[in-house]
Structures are given as C-alpha cells and as structure tokens.
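Accompanying notes for the structure given below.
What follows draws every value from the coordinates through simple rules; no lab data is involved. The shown structure was predicted, so the numbers you read here are calculated from the model rather than taken from an experiment.
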Amino acid sequence: MAAKIDHLRTLLEGVFQNTSYDIKKQKLKVCILYHQQIIRLNERISALVTEMLGQISFVAAIVISCIGNVIVKQYSIGALVYMGGFVTAVYMMCLTGQIIKDETLKVDNIVFNLNWYTDLNLAKDMVLIMRRSQKPVNLRSFLFGVFDYQLLVVIIKTSYSYFTLMTQRG
C-alpha cells in the first residue's frame, strides 16, 4: 500500500510539470481515479483482515498471559519461543495497520506541498483529494477498533493484567 501511495505522489507531482491546462486536467483525473482505487483496495483488504486476523486481536491478550504464566511456573524455553513468535505476529499486524494509516494520511501533505494553488481551475479537484485523504484508511480489528500502535499497547497492557492476576491466584 505504501508503494501505491508513493506512486500516487509521483503522479501528482507530474501533474503540475506541464503548462497546458488540458494535460493537467487529464493527469489530475488519472490521479483522482488512482486515489479512489487505492482507497477501495484498502477497504477490501481491511474487510478481509477483519474476518481473518480480527480474532487474533480478540484472544491475543489471553494467549500471551497464559504463555507467560507457563514460562514463570515451568521455566519452559519452548513456551518462551512460542510467546516471542505470538508477540511478534501481533506486533507485525499492528505495524502494518499503522503504516497503512500513516501513508494514507500523507496524501494530504503531498497535495498541499504541490503548486496546485497556481491554477485555480484545478484547485477544486485538489481540495477534494485533500479532504478525502484527511480520513485515514484503517485495518479494522474484530472488536477493538483498528490495527495500530494503540491496539498493540492495549493488548500488552491487558496481557500484563491477566498475567498478574494468574500469578497472584497461584
């Protein structure tokens, strides 16, 4: 997704390198259609992620705390490796969601830094791109919102709470 947004940036920069209004309008239309395609693709991916990986965010805190409890009580190296893999998988999901969120928000700054205000006939279209890009595209989780760093912190905090509860109970 980051590569597609970087490609959109390159296309948008190419719009204002021409002097002809018709060429600018045509290239801007291509950029708008491409931006809409990126948004639709992100929404499809998000729908798939919600179905497939959303359950992991739902049970991640419980699984991590249970594995931590096994590590503390049995000193199991296998459990430590399993916990490391599970935490890494949750981190990678949240990192991917954060990258997509950040990249979609960058489009607003990309458009703003172009010389779009020099051609007032195209300004309306550029403002529309800027308005749409202010709403980030997110990878949604099952029950807890979106995959991003905030979800990772919630999962880690909840895991620690469950872990301390398990170790206090014996």
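The table below gives the values:
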item: Angle in degrees between helix 120-133 and the longest Cα principal axis of the chain, rounded to the nearest 10; result: 10
item: 5 angstrom amide H check on VAL146, placed H, neighbours 5+ away; result: SER141
item: Lys pairs, the range 11-170 - Cα-Cα below 14 angstrom, 8 or more residues apart or on other chains; result: 5
item: For the chain, built as a Gaussian network whose Cα springs stay under 10 Å, the top-fluctuating residue of LEU11, LEU120, LEU28; result: LEU120
item: Span from the the range 79-97 Cα centroid across to the the range 1-48 one, whole angstrom; result: 33
item: Relative contact order, percent, the chain [alpha-carbon distance under 8 Å, six or more residues apart]; result: 33
item: Nearest 10 degrees, 0 to 90: helix 149-169 Cα axis against the chain principal axis; result: 10
item: With Cα atoms, 0 to 90° folded angle of helix 54-74 axis to the chain main axis; result: 30
item: Nearby aspartates and glutamates by direct alpha-carbon distance to LYS4 (threshold 18 angstrom, same-chain neighbours under 8 apart not counted); result: GLU13, GLU43, ASP102, GLU103, ASP108
